[in-house]
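Below: one structure, written as structure tokens.
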Amino acid sequence: MRFKLLLAAAAMFSPLSPAFAAEAPTLSPDAKKVIAGIDAHYDDIADLASKIWGYAEVGYKEEQSSALLQDALEAEGFSIKNGVAGIPTAFVAEWGTNGPVIAVLAEFDALPGINQDAVATRAPIEGKAAGHACGHNLFGAGSVGAAIAIKNWLAETKTPGVIRLYGTPAEEGGSGKVYMVRDGLFKDVDFALHWHAGDSNSAEAQTSLANRSAKFRFHGTSAHAAGAPERGRSALDGVEAFDMMVNMMREHVDQAARIHYVITKGGNAPNVVPDEAEVFYYVRHPDTKGVEEIWARLEDAARGAALGTGVKVDWEVIHGNNPLLVNEALAKVMHEKLTEVGGVTYTKDEEAFAKKIYASFNHPDAALGDQETIKPYGNSPGYGSTDVGDVSYAVPTVGLRTATWVPGTAAHSWQAVAASGMSIGHKGATVAAKALTLTAIELYQNEGLREAARAEFDAARGPNYKYKSLLGDRKPPLDYRD
């Protein structure tokens, strides 16, 4: 497979290509050519997305997905550095010399424990242990499409500039980008662009929550639970005491905080006192300092639970993300470009699919048809977390969301997996590729925008800013999904 996003493709663009929302009349002739070139290679972006959707590889295990994206970029003349930051599936692809360096981020990891066929009714695929319930197959494919389109624009216009595609593994709880930031891979980048799958089209200035996770492992003494219970010390008792203490602590933390956990190991038989047990915790807060303060109390609770139940405890920090540092100078431009591109228009078959999916929702907060519109620009809090946050503290960063899913779809749901594996998702990824490309072109051409975005970034970080990761100096947890 080779991409050929030639600007001349505008003349060849057929009205029979997949249906998209009509282009806004404010588009310049050059922008129309770029968009038409991307539309003409919709099938290539869809093919990448479909293959990664089928692989459904979890964090740090994305060997096929990473190789597929690298091959597509290498075929278009990008130089590739793979295995960066101590992560076998992480890579950096680069094209160009001199001029501003613009990074486009690409994710490709799936979520464990959920799978679904690309159909509008609940239909798990037998034997499949993971699925793209967060649309990272679309993220990776759309970003590659944008990087190649940007490369071709640079070459066609002979504009000085460097385009880089960062292949970033394990966003789902693995913090792949944090290790890449920590390793200095963004030091010479001027601006970073990203996007995400969603149920609407938006480029508002939305924040995210800082977060940290760890696996708390309790170690006790096994014994026959009936014949010699006095000789046992239950590691599961330690976990349950810990969980109870944390749940009591919820009353006394900031309302903006979030604490989640799942017991990942609790024993194998009721008549055996468990000597090993494990619980996996997340803590989130709008500020890094808030996470650290709650985390200190979490560690104290773990120690207290171990002491009270006569067992021992240790823990391994798995991941940690800083919150997103919003850059409004960039966000307003991204919103403008997304508005120029427009949303997604469904075919009759896609409408039928969407109606079936929509009927499966409980109290959806969106309406069918919203996929064609662009949400107004604004500022809003975000309650998820992302390792893009650490990138945003290293370099001025901007992102968007596009309607890759049926309006009203929740992330991490079977409905998200279904749409991510078919044309509705592919169209949303193509919308993202267009908006990313037009934003990058604006940055290469507009020195005033570059200066304003950098000034805002420097002011937001402050004169004495020093980067600190929430995962410490640990190495990438390549086995965290084992």
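The values are calculated or read from the model by the stated rules, or taken from the named source; none is laboratory data. Note that the coordinates shown come from a computational prediction; the quantities given were computed from them, not determined experimentally. Note that each Cβ is placed from the backbone with ideal geometry, even for glycine, and that neighbours are counted across all protein chains shown.
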Within the range 40-79, count every residue that is closer than 19 Å to Thr402 by Cα and either surrounded by fewer than 20 Cβ atoms within 10 Å (Cβ to Cβ) or modelled with pLDDT of 95 or more (or both). 11
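Residues checked against (1) crowded, with 24+ Cβ neighbours inside 10 Å; (2) at positive phi; (3) touching a Cys at 6+ places or on another chain (Cβ under 6 Å); (4) at pLDDT 95 or above:
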{"position": "Gly145", "(1), (2), (3), (4)": "yes, no, no, yes"}
{"position": "Lys151", "(1), (2), (3), (4)": "yes, no, no, yes"}
{"position": "Leu154", "(1), (2), (3), (4)": "no, no, no, yes"}
{"position": "Tyr166", "(1), (2), (3), (4)": "yes, no, no, yes"}
{"position": "Ser175", "(1), (2), (3), (4)": "yes, yes, no, yes"}
{"position": "Gly184", "(1), (2), (3), (4)": "no, yes, no, yes"}
For Gly127, which of the numbered conditions (1) farther than 30 Å from Trp153 by Cβ; (2) touching a residue at least 60 places away in the same chain (Cβ under 8 Å); (3) part of a loop (DSSP other than H, G, I, E, B) fails to hold? (2)
For the range 258-271, name all the residues that are more than 22 Å from Glu316 (Cβ to Cβ) and either touching a residue at least 24 places away in the same chain (Cβ under 8 Å) or surrounded by 12 or more Cβ atoms within 10 Å (Cβ to Cβ) (or both). Pro270, Asn271
Selection count, the range 111-154, where residues are in contact with a Phe, Trp or Tyr (Cβ under 6 Å, 6 or more places away or on another chain) and more than 25 Å from Asp349 (Cα to Cα): 3
Any chance the range 192-199 includes a residue that's among the aromatic types (Phe, Trp, Tyr), in a helix (DSSP H, G or I) and on the phi < 0 side of the Ramachandran plot? no
What is the residue count in the range 427-482 for residues that are in a loop (DSSP other than H, G, I, E, B) and among the hydrophobic types (A, V, I, L, M, F, W, C)? 3
Since Ile441 meets every condition but one in (1) more than 30 Å from Arg122 (Cα to Cα); (2) surrounded by 24 or more Cβ atoms within 10 Å (Cβ to Cβ); (3) among the β-branched types (Val, Ile, Thr), which condition does it not meet? (2)
